[in-house]
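The values are calculated or read from the model by the stated rules, or taken from the named source; none is laboratory data. Predicted, not measured: the structure shown is a model, and the values here were computed from it. In this analysis, Cβ positions are derived from the backbone assuming ideal geometry, glycine residues included, and neighbour counts consider all displayed protein chains. The accessibility values were calculated without ligands, DNA or RNA, using every heavy atom of the protein model including side chains. Shrake-Rupley method; radii C 1.70, N 1.55, O 1.52, S 1.80 Å.
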Amino acid sequence: MQAKVAVIRHPRENVKKCSLRRLHGNPNFEFFRASEKFFFDATGFLLLEMGAPPVTPADAGLPILLLDSTWRLLPSLRAKVGGKFTARSIPPEIRTAYPRVSKVFDDPAGLATIEALYAAIKLSGNPDPSVLKGYPFARKFMEINGWLSDLPSPDFFDASESVFCGGTQI
């Protein structure tokens, strides 16, 4: 992966459930906690945002800004971002493998943050499946989107990165 990635996490987002947690410490990633007075100047960044034009190869090389939050809290997090950035989205045909269930809020169809990151770098022409290492739904995500050919080898994701439900591997 060549582009840098900045991640702004809502203060109420549970880090233990964060799909990006294994990327902490990676020199290509910067993580910020959006405290009350936090503001991020996203000038020059590609901001993943629903409703924006889709990511294209013309976006290659732009640093990526991810907002890590529940859908319900996302507007308050988005309000902490300003500057002259390029807003892009992931096309709706890209499907999630994350088994999202909310009992209190209807989530729009969307991807886990790590899935959105991979989709953005793939669609910009720089597929790097290593960002998905450690994500338990990585292989399923790649499979349902027809991207298994991006993997350097069939055993790229080891057995610990597979998820078993009722004896069935997903």
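Quick notes on this one:
- Considering the stretch 138-152, and only residues there that are assigned to a loop (DSSP other than H, G, I, E, B) and open to solvent by less than 40 Å² (accessible area, probe 1.4 Å), the residue that is modelled with the lowest pLDDT turns out to be Leu151.
- Residues being crowded, with 16+ Cβ neighbours inside 10 Å and either within 15 Å of Ile94 (Cα to Cα) or out of contact with any Phe, Trp or Tyr (no Cβ under 7 Å at 6 or more places or on another chain) (or both) - total across the stretch 49-63: 3
- Any hit, the stretch 33-40, residues being on the phi > 0 side of the Ramachandran plot and either out of contact with any Asp or Glu (no Cβ under 6 Å at 6 or more places or on another chain) or surrounded by fewer than 14 Cβ atoms within 10 Å (Cβ to Cβ) (or both): no
- Which listed residue, of Lys80, Lys17, Lys4, is of a type outside the set (Ser, Thr, Tyr), at pLDDT below 85 and out of contact with any helix residue (DSSP H, G or I) (no Cβ under 8 Å at 6 or more places or on another chain): Lys17
- Whenever a residue of the stretch 73-93 is part of a strand (DSSP E or B), its partners that are surrounded by fewer than 18 Cβ atoms within 10 Å (Cβ to Cβ) and among the polar types (S, T, N, Q), lying with C-beta atoms within less than 9 angstrom and at least six residues away or across chains, give the pairs Gly82/Thr43; Arg88/Thr56.
- Among the candidates Pro91, Pro99, residue that is over 12 Å from the mean Cα position of the chain (by Cα), open to solvent by less than 50 Å² (accessible area, probe 1.4 Å), over 28 Å from Lys37 (Cβ atoms) and at pLDDT below 95: Pro91
- Taken over the stretch 49-80, the residue count meeting the criterion of being over 20 Å from Ala112 (Cα atoms) and touching a strand residue (DSSP E or B) at 6+ places or on another chain (Cβ under 7 Å) is 3.
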